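Take a look at the structure set out below.
The values are calculated or read from the model by the stated rules, or taken from the named source; none is laboratory data. Since the structure is predicted, the reported quantities are computational estimates derived from the model, not experimental observations. Positions of Cβ are generated from backbone atoms using ideal geometry, with glycine treated the same way; all protein chains shown enter the neighbour counts. Areas reflect the complete protein model, heavy atoms only, side chains present, ligands, DNA and RNA absent. Shrake-Rupley method; radii C 1.70, N 1.55, O 1.52, S 1.80 Å.
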Amino acid sequence: MCGFVGVFKKTNIDGNFSFNEELLTHRGPDEKSTLVDKNYALAFWRLSIVDVSKGQQPMEDKKFGIKILFNGEIYNYKNIKKNLISKGYVFETNSDTEVAIKAYLEWGLNAFEKFEGMFSICIIDSKKNEISLIRDRMGVKPLYYSYRSSGFIVASEQKAIIKAFNISPKINKNALNDYLLYQSILGKETLFKGIYKVPKGTIMTFDL
């Protein structure tokens, strides 16, 4: 299943910054990894399925300044990988996560039109100074975000946002009305004020 959190701040991240160990352990009990840069911190809780030994996240391409958080599975990643190898790309792992990075390097955000699967992805492109959030067409894998005075946060679950930023959540009454009427919440709203979901089949880009 896996889960991830990314915290982005305008100021430098405190050197003692850390994520609660149990924040998303239920989504990824096999391994927790973190990556801290000057103004953002990333954490990933992994359920190891594809390339158990080398598929750790957050995954990084240092040469091109790309970091990725990837939850899900790309069913046709082997075919995409063959295409990329024919273009000269070299792979260090057998994971679909690395295929996602290399595909982004080759085709940009158009790469995700080629993916068949279920996925939620956060890409940090240091050279473009952008964060991109991508969600699969059916919306199988969840992806949430929130703006706060202390920064911007992305996560696989709403409660991870609430806990990471120590928020006292308030009910979004408009979204509650939708839920009671349709048994679903339309658009990007959620039951909590100030927490939004990336709509299914959507790519959202933010200035880092």
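Step by step: first the residues of the stretch 118-143, then only those that are under 9 Å from the mean Cα position of the chain (by Cα) and hydroxyl-bearing (Ser, Thr, Tyr), then the one that is surrounded by the fewest Cβ atoms within 10 Å (Cβ to Cβ). Which residue is that?
Ser132
Only residues in the stretch 59-88 that are over 18 Å from Ile121 (Cβ atoms) count as the first member; pair them with residues that are open to solvent by 30 Å² or more (accessible area, probe 1.4 Å) and in a loop (DSSP other than H, G, I, E, B), Cβ under 8 angstrom, at least 6 apart or cross-chain, and list the lot.
Listed pairs, sorted by first residue: Ile85/Phe91.
Do any residues in the stretch 181-208 that are at positive phi have Cβ atoms under 9 Å from those of residues that are surrounded by 12 or more Cβ atoms within 10 Å (Cβ to Cβ) and among the basic types (Lys, Arg), where the two are at least six apart or on different chains, and which pairs are they?
The qualifying pairs are Gly187/Lys197; Gly194/Arg148; Gly201/Arg135; Gly201/Arg137.
Restricting to the stretch 174-202, name every residue that is under 19 Å from Phe152 (Cβ atoms), open to solvent by less than 60 Å² (accessible area, probe 1.4 Å) and not hydrophobic (A, V, I, L, M, F, W, C). Break it down stepwise before answering.
Pass one, the stretch 174-202, residues under 19 Å from Phe152 (Cβ atoms): 188-190, 192-199, 202.
From what's left, open to solvent by less than 60 Å² (accessible area, probe 1.4 Å): 190, 192, 194-199, 202.
Scanning the stretch 174-202 gives Thr190, Gly194, Tyr196, Lys197, Pro199, Thr202.
Taking Asp96, is it at pLDDT below 95 and charged (D, E, K, R)?
Numbers: at pLDDT below 95: yes; charged (D, E, K, R): yes.
Yes, satisfied.
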